[in-house]
Amino acid sequence: MRDGAVQLHGADGRARSTTRAALTELLLAEGWAVEEMGDVLLAADELACNAVMHARTSFDVHCKVDGHVELEIADHDPHHLPVLRADDDRPGGFGLRIVERVTRQWEVKRRADSKVVRVILDRR
């Protein structure tokens with residue numbers, strides 16, 4: 001089992017790229033093939049994108065690998081909680097639907113000064 005954390009101070013595309021690179025390195029070290037990482041990287045990117053676009057803060061990433069992946073992305077805005085939108089004609093709003101589809105479980109924990117979205121993904 002490997003436990004890794006990446007502290008990211010940017011709230012832009014570079015931080016998202018750094019997240020994907022760090023998670024790829026962590027999963028490779030755990031013996032995952034690149035072909036097995038797609039859902040993990042997709043979920044991480046969607047959640048990081050939500051932090052950048054909606055919370056407009058930096059975000060922190062914590063990942064634990066133990067046969068499955070536990071991934072947490074925390075941003076510093078406790079007020080804008082992620083919500084699955086009802087189907088409508090507005091553009092966008094697909095990030096959480098993607099996360100829901102590729103993860104076994106996801107939840108949001110609200111803290112006084114932040115929120116954490118935690119997902120669990122099975123190895124494929």
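The values are calculated or read from the model by the stated rules, or taken from the named source; none is laboratory data. Keep in mind the model is a prediction, meaning the values are calculated, not measured. Quick reminder, even Gly has a Cβ in these numbers, built from the backbone with ideal geometry, and neighbours come from all protein chains shown.
Out of ASP75, ASP66, ASP45, ASP60, I need the residue that is of a type in the set (D, E, K, R) and either at pLDDT 90 or above or under 17 Å from ARG101 (Cβ atoms) (or both). Which one? Only one candidate passes the filter, namely ASP45. Reported count of residues in the stretch 46-69, each being assigned to a strand (DSSP E or B) and crowded, with 16+ Cβ neighbours inside 10 Å, is 8. Against the list (1) outside any helix (DSSP H, G or I); (2) modelled with pLDDT of 90 or more; (3) not aromatic (Phe, Trp, Tyr), the condition GLY10 fails is (2). The number of residues in the stretch 29-45 that are crowded, with 21+ Cβ neighbours inside 10 Å and within 12 Å of ALA15 (Cβ to Cβ) comes to 1. Filter the stretch 13-45 down to residues that are in contact (Cβ under 8 Å) with a residue 40 or more places away in the chain and either outside any helix (DSSP H, G or I) or among the β-branched types (Val, Ile, Thr) (or both) and give me whichever is farthest from PHE94 (Cα to Cα). Checked the stretch 13-45; the qualifying residue farthest from PHE94 (Cα to Cα) is TRP32.
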